[in-house]
Amino acid sequence: GAVVSQHPSWVICKSGTSVKIECRSLDFQATTMFWYRQFPKQSLMLMATSNEGSKATYEQGVEKDKFLINHASLTLSTLTVTSAHPEDSSFYICSATGEGGLETQYFGPGTRLLVL
Amino acid sequence: RKEVEQDPGPFNVPEGATVAFNCTYSNSASQSFFWYRQDCRKEPKLLMSVYSSGNEDGRFTAQLNRASQYISLLIRDSKLSDSATYLCVVKRRGATNKLIFGTGTLLAVQP
C-alpha cells in the first residue's frame, strides 16, 4: 500500500511554456502533499506544502506565482511551472502523508523536467 | 551552514566490508530522524527511522546522539545492491511534518 504516482515521468519543453506535473496517491487519502526539487548532486529542497482544499505554503525563496500548486482532492495535487526557463530544469518529486497522524511521507517516482 | 550536513563521499568499498556514515544537524528542535536511500535518478526511499536507543534492521544499524546532534548509519557485509546515495533526514518539531534532507553520501560497493 501507500503508493504515490507522478505524471509525466519526464518532460522536455521550450522556454516560456508552462508544464503541469500531477501527483496522485493511489491507495490512500493524502491530507498533505509536499513538492520538492532536486538539482544534480544536491539535496531535495522542499518547495511547498499543500493541504487539500487550502492554499499551499511556500518555502522562502520559492515564487508562488511561478510554481502554482493545486490540491483539489485528497488524492491529487498538481504543480504547474509557469513560463519555464532552463534554470527550472530539475527533478521534481512529490510526497504525501495520510490521515490519522501518519508521519511517514510516501514519495512519488519524480518528474524530470528539461527546459530548452 | 546547512541544517543537515553529510560527507558527500564517494565511499568506495569492497563487497563484504563494513561502512559507516555520519550526519550532523544544527537545529536542536529537530524531533525525528531518518535514513533514506536514493538510487540514481529515482525517488528517495525510507531505509529506517533512527532512535536514541539505537536500532538495527538486518545489516543496518542506526544511532542517534541528541547531545551531539549526530546521527550514524552502519552497514555490515556490504552488497553490490547497497550502492546508492544515503540521505540523512530530520523532521522539525511541529505540525507541518516537514522533512529536511542532507545532500547525501554516495556509496559504491565494488565486486
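Tell me, which residue of the range A:1-23 that is open to solvent by 60 Å² or more (accessible area, probe 1.4 Å) and modelled with pLDDT under 95 is nearest to A:His85 (Cα to Cα)?
Going through the qualifying residues, I end up with A:Val3.
Which pairs have Cβ atoms under 7 Å, sit 6 or more apart or on different chains, and link a residue in the range B:34-49 that is within 12 Å of A:Gly110 (Cβ to Cβ) to one that is surrounded by 17 or more Cβ atoms within 10 Å (Cβ to Cβ) and polar (S, T, N, Q)?
Final answer for the pair search is B:Gln38/B:Thr85; B:Pro44/B:Gln38.
Are any residues in the range B:90-105 of a type in the set (Val, Ile, Thr), within 9 Å of chain A (Cβ to nearest Cβ) and either in a strand (DSSP E or B) or surrounded by 16 or more Cβ atoms within 10 Å (Cβ to Cβ) (or both), and if so, which ones?
B:Ile100, B:Thr103
Kindly indicate the residue of the range B:15-25 that is closer than 30 Å to B:Gly94 by Cβ and touching a residue at least 60 places away in the same chain (Cβ under 8 Å) and also surrounded by the fewest Cβ atoms within 10 Å (Cβ to Cβ) among those meeting that condition.
Among them, the one singled out is B:Phe21.
Restricting attention to the range A:82-93, report how many residues are of a type outside the set (S, T, N, Q), closer than 20 Å to A:Ser43 by Cα, open to solvent by less than 30 Å² (accessible area, probe 1.4 Å) and touching a residue at least 40 places away in the same chain (Cβ under 8 Å).
The qualifying residues number 3.
Are any of the residues in the range A:51-70 within 14 Å of chain B (Cβ to nearest Cβ), open to solvent by less than 80 Å² (accessible area, probe 1.4 Å) and of a type in the set (A, V, I, L, M, F, W, C)?
Looking through the range A:51-70, at least one residue is within 14 Å of chain B (Cβ to nearest Cβ), open to solvent by less than 80 Å² (accessible area, probe 1.4 Å) and of a type in the set (A, V, I, L, M, F, W, C).
Being assigned to a strand (DSSP E or B) and open to solvent by 40 Å² or more (accessible area, probe 1.4 Å) is the filter here, so list the residues in the range B:26-59 that pass it.
Listed by number, the residues that qualify are B:Gln31, B:Arg37, B:Lys45, B:Leu46, B:Leu47, B:Glu56, B:Asp57.
Looking at B:Ala62 and the list (1) touching a Gly at 6+ places or on another chain (Cβ under 8 Å); (2) in a loop (DSSP other than H, G, I, E, B); (3) farther than 23 Å from A:Gln60 by Cβ, which single condition is not satisfied?
(2)
For B:Val109, are the conditions met, namely being hydrophobic (A, V, I, L, M, F, W, C) and closer than 14 Å to B:Phe34 by Cα?
Judged against the criteria, B:Val109 is not a match.
Every residue, every condition in (1) in contact with a Lys or Arg (Cβ under 8 Å, 6 or more places away or on another chain); (2) farther than 22 Å from B:Lys91 by Cβ, yes or no:
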site	(1), (2)
A:Ile69	no, no
A:Ser73	no, yes
A:Thr80	yes, yes
A:Glu87	no, yes
A:Ser95	no, no
A:Gln105	no, no
A:Val115	yes, yes
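Before we move on, is B:Ala108 open to solvent by less than 60 Å² (accessible area, probe 1.4 Å) and under 30 Å from A:Thr57 (Cβ atoms)?
Against the criterion (open to solvent by less than 60 Å² (accessible area, probe 1.4 Å) and under 30 Å from A:Thr57 (Cβ atoms)), B:Ala108 does not qualify.
The values are calculated or read from the model by the stated rules, or taken from the named source; none is laboratory data. Computed from a predicted structure; not experimentally measured. All Cβ positions, glycine included, derive from the backbone under ideal geometry; neighbour counts span all protein chains shown. Accessible surface is based on the protein model in full, side chains and every heavy atom, while ligands, DNA and RNA are left aside. Shrake-Rupley method; radii C 1.70, N 1.55, O 1.52, S 1.80 Å.
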